[in-house]
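J.: Have a look at this one before I ask anything.
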Amino acid sequence: MTDEQIKSLARNKIAMLIDGDNAQAGLLSQMLVEAGRYGQVTVRRIYGDWTTTSMNSWKDTLNFHAFQPIQQFRYTIGKNATDSAMIIDAMDILHTSVVDGFCLVSSDSDYTRLATRIRETGIFVMGIGEKKTPKPFVNACDVFVYTEKLAVEKKAAQQKNTINTKAKKARGE
């Protein structure tokens, strides 16, 4: 995308939908910044079974970033009801026309058809996931960002903050 195209997208409204089973809570700030390059993230939802301990890492960051947690019980072991709930909500959001784009956060190939279907309507689709994300899902998105890149950026920002703090202390500020 050109800089001009990115600037025109900045006024767009984006729905960020996160598969909480397949995303990292510690990178949520970086994910929001990345999605923010393409528009304002107005719909913020994360899906998971909040009764499981694996979802505990999300609580503080969700509150801070004003995300709506969507409860989806696991009806059967080994099956992921979260995917279905997220897909149904995405289609509902698509048909209400309240957003101009979607950011789907997952490394799961189950979202390939969803990304393709949204893109077929002419709406922008961004994906965020790990490098292990299957190529069909990556290719179904207009833009795909790997979380490994976001983790490196987060680490660099933290190191820069540490250096700046040490420099201020050295100057007596």
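FYI, it's all coordinate maths here, none of it is from the lab. Just so you know, these numbers come straight off a predicted model, no measurement behind them. Please note: Cβ atoms are built from the backbone with ideal geometry, for glycine as well, and neighbour counts cover all protein chains shown.
J.: What aspartates and glutamates could a cross-link reach from LYS132, if we take a straight Cα to Cα line under 14 Å and drop same-chain neighbours fewer than 8 places away?
T.: ASP108, ASP110, GLU148
J.: Continuing with the same structure: Exactly which trypsin sites (Lys or Arg not before Pro) in the stretch 99-135 are in a DSSP loop and have at most 16 other Cβ atoms within 10 Å? Don't skip to the answer; put the middle values down first.
T.: Numbers: sites: ARG113, ARG117, ARG119, LYS131, LYS132; in loops: LYS131, LYS132.
Filter output for the stretch 99-135: LYS131, LYS132.
J.: Can I ask one more? When we measure straight from the Cα of LYS149, which aspartates and glutamates land under 14 angstrom away, once same-chain ones fewer than 8 places off are left out?
T.: Excluding near neighbours in sequence, the set is GLU34, GLU130.
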